[in-house]
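Q: One structure follows; several queries about it will come next.
The values are calculated or read from the model by the stated rules, or taken from the named source; none is laboratory data. Keep in mind the model is a prediction, meaning the values are calculated, not measured. All Cβ positions, even for glycine, are placed from backbone atoms using ideal geometry, and neighbour counts span all protein chains on display.
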Amino acid sequence: MNKCLESVRRYLLPSVCVACGQAAEGTLDLCRGCLAAMPYLGVACRQCALPLAQPGICGNCLRTPPPFEQTFSLFRYTHPVDHLIQRLKFNRRLVNARLLAALMVAALQQQQQRLPDMIVPVPLYKRRLRTRGYNQAVELARPVSRQLGVPMALHGCRRVRETAVQSDLPAKQRRANIKGAFEVDSSLYGAHVAIVDDVMTTGNTVTELARVMRDRGAKVVDVWICARVP
């Protein structure tokens, strides 16, 4: 029934490309040209997704192994993905989350990524959530959860401290800014968890959240993000 209703909707209201405004093709809200121009990440560090010249683990992860096992990132954070994420994050373009999530799911399935026991979107502090009205990580995680058949955990993980916006801070200050910002209420003993977020820059946010999850007993923590800042 849902597929029939979606077909009718697309027949009556043909979708347009969210990147350029031209008519979209297929079930994605992208035209063929913009889909071909998407900045896929390519070769990157297995643990933190930092772009590399050849497959392997970057020097930073070798020197200081992060508390997560691997990072899946689909894109580099550049045009037009940066524009799509910014409009999702600050202009309520929730349709962009549907598109980006669908592309993430297709890549995860193609790569035959092992599925976790649960998906946890990076939480926002309650004041920022009230101001924005939604959490872009949740908007990405919800369709990923539904399409992969993996439950999304919304209430067991909280951001308990209001922090400065990470992107506004120099890299050296970001780790101190995010330290102690998260709490996980229930035991994760033996669980395989995937953290979902929109963008990774230095990785300090997901590192802190993964550290708390490991302290609560998580056996494996992966990170799934839409885009990686080189």
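Q: Looking at region 200-214, I want the residues that are within 21 Å of Y189 (Cβ to Cβ) and assigned by TED's automatic domain parsing to the domain that holds R159 and have a partner that is surrounded by fewer than 23 Cβ atoms within 10 Å (Cβ to Cβ) and aromatic (F, W, Y) with Cβ atoms under 9 Å, at least 6 apart or on another chain. Which pairs are those?
A: As it stands, the answer is E208/F182; L209/F182; R211/F182; V212/F182; M213/F182, since those pairs meet every condition given.
Q: Kindly provide the set of residues from region 214-230 that are crowded, with 23+ Cβ neighbours inside 10 Å and either among the aliphatic types (A, V, I, L, M) or over 15 Å from the mean Cα position of the chain (by Cα) (or both), ordered by number.
A: Those that are crowded, with 23+ Cβ neighbours inside 10 Å and either among the aliphatic types (A, V, I, L, M) or over 15 Å from the mean Cα position of the chain (by Cα) (or both): A218, V221, V223, I225, A227.
Q: Another question about this same structure. For L28, only one of the following conditions fails: (1) aliphatic (A, V, I, L, M); (2) in the same structural domain as N135 (by TED's automatic domain parsing); (3) in a loop (DSSP other than H, G, I, E, B). What is its number?
A: (2)
Q: Okay, next question. Output the residues belonging to region 201-210 that are closer than 18 Å to Y125 by Cα and either of a type in the set (A, V, I, L, M, F, W, C) or surrounded by fewer than 24 Cβ atoms within 10 Å (Cβ to Cβ) (or both).
A: Selection gives N204, V206, T207, E208, L209, A210.
Q: The conditions are (1) at pLDDT 90 or above; (2) of a type outside the set (K, R); (3) assigned to a loop (DSSP other than H, G, I, E, B), and V221 fails exactly one of them. Which is it?
A: Against the list (1) at pLDDT 90 or above; (2) of a type outside the set (K, R); (3) assigned to a loop (DSSP other than H, G, I, E, B), V221 comes up short only on (3).
Q: Please count how many residues of region 34-86 are on the phi < 0 side of the Ramachandran plot, without any contact (Cβ under 8 Å) to a residue 24 or more places away in the chain and either assigned to a helix (DSSP H, G or I) or of a type outside the set (S, T, N, Q) (or both).
A: The qualifying residues number 15.
Q: Of the numbered conditions (1) among the polar types (S, T, N, Q); (2) over 20 Å from F68 (Cβ atoms); (3) modelled with pLDDT of 95 or more, S145 satisfies every one except a single condition; which is it?
A: Only one criterion in (1) among the polar types (S, T, N, Q); (2) over 20 Å from F68 (Cβ atoms); (3) modelled with pLDDT of 95 or more is unmet by S145, namely (2).
Q: Report, by residue number, each residue of region 153-186 that is touching a Phe, Trp or Tyr at 6+ places or on another chain (Cβ under 6 Å) and either surrounded by fewer than 17 Cβ atoms within 10 Å (Cβ to Cβ) or assigned to a helix (DSSP H, G or I) (or both). Show your work before the answer.
A: Residues of region 153-186 touching a Phe, Trp or Tyr at 6+ places or on another chain (Cβ under 6 Å): 159, 162.
Within region 153-186, just E162 meets the criteria.
Q: In the list R98, R114, which residue meets the criterion of being under 25 Å from C157 (Cα atoms), surrounded by 16 or more Cβ atoms within 10 Å (Cβ to Cβ) and modelled with pLDDT under 95?
A: Only one candidate passes the filter, namely R98.
Q: Then there's this: Step by step: first the residues of region 22-69, then only those that are acidic (D, E) and modelled with pLDDT under 95, then the one that is surrounded by the most Cβ atoms within 10 Å (Cβ to Cβ). Which residue is that?
A: At the first step, the residues of region 22-69 found to be acidic (D, E) are 25, 29, 69.
Subsequent filtering for residues that are modelled with pLDDT under 95 retains 25, 29.
Values: E25: 16, D29: 20.
Result: D29.
Q: What are the residues in region 139-152 that are in contact (Cβ under 8 Å) with a residue 40 or more places away in the chain and out of contact with any Phe, Trp or Tyr (no Cβ under 8 Å at 6 or more places or on another chain), if any?
A: Hits for region 139-152 are E139, L140, A141, R142, P143, Q147, L148, V150.
Q: Next question, about the same structure. Within region 183-195, can one find any residue that is in contact with a strand residue (DSSP E or B) (Cβ under 8 Å, 6 or more places away or on another chain), small (G, A, S) and under 17 Å from S73 (Cβ atoms)? Can you show your working first?
A: As a first pass, look at region 183-195 and keep what is in contact with a strand residue (DSSP E or B) (Cβ under 8 Å, 6 or more places away or on another chain): 183-185, 191-195.
Those still in the list that are small (G, A, S) too: 191, 194.
Subsequent filtering for residues that are under 17 Å from S73 (Cβ atoms) retains 194.
Yes; the residues of region 183-195 include at least one that is in contact with a strand residue (DSSP E or B) (Cβ under 8 Å, 6 or more places away or on another chain), small (G, A, S) and under 17 Å from S73 (Cβ atoms).
Q: How about region 151-171: which of its residues are at pLDDT 85 or above and within 20 Å of the chain's Cα centre (by Cα)?
A: P151, M152, A153, L154, H155, G156, C157, R158, R159
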